[in-house]
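Trainee: Below is one structure. I have some questions about it.
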Amino acid sequence: MMEASADHAVCARGPMHTDDARRGWETGKVRLVSLDFDRHFENCLRWINDPDVTHWLIVGDYPPISRLAEKDWFESASKDRDRDVLFAIETLDGVHIGNTGVHAVNHVHRNAMTGSMIGEKSYWGQGYGKAAAIARSLYCYKVMNLERLFSSALEGNVRSFRMLTGVGYTECGRMPKRFFKRGRYWDEILLCQERDAFLDRFGDHPFPS
């Protein structure tokens, strides 16, 4: 899944507040919790059909995502828990602001692909995507015992690339003209994060133990 400044994380008329937000995997300013249909579905459907949110995603523009299609994705995405681990991103006071995931998990090679999206636009540019990426990597290394994470970003997605490199991903390749998006072809920038290098920088962040 491609990271987006705004990783298909795919109607509420505003962010979801919960008085009984479950304790999840917290670090910094976010909490990662399991996707829940009642709590998160309507926001996901709204975000994946918002052209601003999907500007740098490879999904969401075509075809438009119907309620039924999103419901099918939502229900199937949580079944293969061995290869795909999905989280809702919530603030510490229980506001659902986005989604993040660990995909194509390979327990032999101990690697996976990562992606995320901050769908609630009022939370853009405030460090929530970076906080979620740190929490996700801590979970991958300290809970899943992975060794290496991969991600990608479209060449024009400066905010996503800056966020990824800011949490220890480094560019490791480029696929030219990989995706057609809004009138032109874009290169896909491939990035890699190494366990030891990440934990040297971020291993002391507060995290459940």
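The values are calculated or read from the model by the stated rules, or taken from the named source; none is laboratory data. Since this is a predicted model, take the numbers as computed values, not measurements. Virtual Cβ from ideal backbone geometry, glycine too; neighbours counted across all protein chains shown.
Trainee: Go through (1) surrounded by fewer than 17 Cβ atoms within 10 Å (Cβ to Cβ); (2) hydrophobic (A, V, I, L, M, F, W, C); (3) modelled with pLDDT of 95 or more one by one and return the number of the condition Ala88 breaks.
Mentor: Every condition holds for Ala88 apart from (1).
Trainee: Filter the range 65-79 for residues that are of a type outside the set (Lys, Arg) and either surrounded by 12 or more Cβ atoms within 10 Å (Cβ to Cβ) or in a helix (DSSP H, G or I) (or both) and give the result.
Mentor: Ile65, Leu68, Ala69, Glu70, Asp72, Trp73, Phe74, Glu75, Ser76, Ala77, Ser78
The rows are residues; the columns are (1) small (Gly, Ala, Ser); (2) part of a strand (DSSP E or B); (3) over 13 Å from the mean Cα position of the chain (by Cα); (4) surrounded by fewer than 24 Cβ atoms within 10 Å (Cβ to Cβ).
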position: Thr114; (1), (2), (3), (4): no, yes, no, no
position: Met117; (1), (2), (3), (4): no, yes, no, no
position: Ser122; (1), (2), (3), (4): yes, no, yes, yes
position: Gln126; (1), (2), (3), (4): no, no, yes, yes
position: Ala131; (1), (2), (3), (4): yes, no, no, yes
position: Tyr141; (1), (2), (3), (4): no, no, yes, yes
position: Phe150; (1), (2), (3), (4): no, yes, no, yes
position: Ala153; (1), (2), (3), (4): yes, yes, no, no
position: Gly156; (1), (2), (3), (4): yes, no, yes, yes
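Trainee: Any residue at all in the range 182-192 that is among the aliphatic types (A, V, I, L, M), surrounded by 15 or more Cβ atoms within 10 Å (Cβ to Cβ) and within 30 Å of Arg23 (Cβ to Cβ)?
Mentor: no
Trainee: Next question, about the same structure. Residues being buried (at least 18 other Cβ atoms within 10 Å of the Cβ) and either hydrophobic (A, V, I, L, M, F, W, C) or within 18 Å of Ala131 (Cβ to Cβ) (or both): count how many of those fall in the range 41-64.
Mentor: Selection size over the range 41-64: 9.
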